[in-house]
Amino acid sequence: MEKKRSIIGLMGSLLINNILYMFINTFMVAYFYTLTNYDYKIISVFYIMSFIFIAITFLFLGRIIKNKMQVPIFRCGIFLYCVYVLTISLLKDNIINYYIYLGIFYGIVQGFLWSAGHLLVNEYANDVSNKFVTTKSMISTLLEIIFPFIFGASIELTSFSKVAVVVVILSMIQFSFSLLIKEKDLTKEKKYSLNAFITYLKETKNEKIKDFYKIMFYEGIVNYLLDTLVIIMIVFTFKTNISLGILTTIFSFCSIVSVYIFQRKLKNNNTILTISAIMSVIGVILILFNINKTTVILYNLINSVFLILLINNAEEKRYSIINADKMIMKDYLAEHQVIAEISLNLSRIMGYTILFAISFLNNIIYFKMLLILVSIAIIYYASLMMKLNKN
């Protein structure tokens, strides 16, 4: 009963976090983009700073959360998220003057939230990670049918700062869910040591774990950088937050079917992974020929149906890949999640640094070249997951 209650609290917290993530990473990016007259330098720097500080925060908190303090750190992350949203709502148009500090703050927020969040999923839902990830994704997708339109229309009709107040209320509800999570007795035989864990990986020559870290590296490009590129294309093409909200809602609806497939068919199914990778690359090719309303919509429809299958598969592997390694489960769970996050944020930083560089060139050709890079990353991303499935 206690475990079920904690899983409900964790699920509720992470579902609301997905809504907050959608607000910050969709509408705040669009807000930055329009405030700068469609210049994505500031967006790039904002994310580069946030990803640097996510990694730093993970490194700093790893020692603390290994044997204790997971739930308090998780709640602290939720509280900081609330403060962050409240800050941007008070700054209004002035957020453009504080984007570096906001990026640092956002990185710390995400570091607190997920350094503990990933471990809590491992501790409470590792034996049902496929079901947990899929259920969370399906409910999240349902919420994403509703909230993008609400956010988009409300920003267009009122203001960004007023909508941010609603997001603060959601943060409070998220904190209430976190109160259902009970801290476990996390006494481990070994103390926290990244060096010891890296030595262990070298000695055991666990290729599956190494391949998983490579998956995390490519995810930084396939998932996060691609998200920003899509938002830039939608806002540049349609010009309004209402259009962004409506399209995000439609694409979320299309994702429901794909998430259902993930639960019923995808686990260890390389055929679906292959089809998903091919279709995702085809979507990029459409954009390469011409960026207009038709190609942007087709591209996003393809991604909402197929790319989500790859992303969900990778997320499930983040928790399940270590099931067979009793030593990691017993002694190195915190270190594993820190290395996974560093791998993820390294590619994020690289990707957004490239985006920052091409923003000076002011040529659509370089933007399309970045999309080609994303396509290559998708192929490697999918092939690594298929390799893990075969093993």
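What follows draws every value from the coordinates through simple rules; no lab data is involved. What you see is a predicted model; the values in this text were computed from it and never measured. No Cβ is skipped: glycine too gets one built from the backbone with ideal geometry, and neighbour counts run over all protein chains shown.
Please tell me which of these pairs span more than 21 angstrom C-alpha to C-alpha: Lys136/Lys387; Lys208/Lys390; Lys214/Lys390; Lys210/Lys326?
The pairs that break the limit, which is 21 Å between Cα atoms, are Lys136/Lys387.
Ranking request for peptides 209-219, 106-116, 316-326: highest mean number of other beta-carbon atoms within 10 Å first, then the rest in descending order.
The packing order, highest mean first, is 106-116, 209-219, 316-326.
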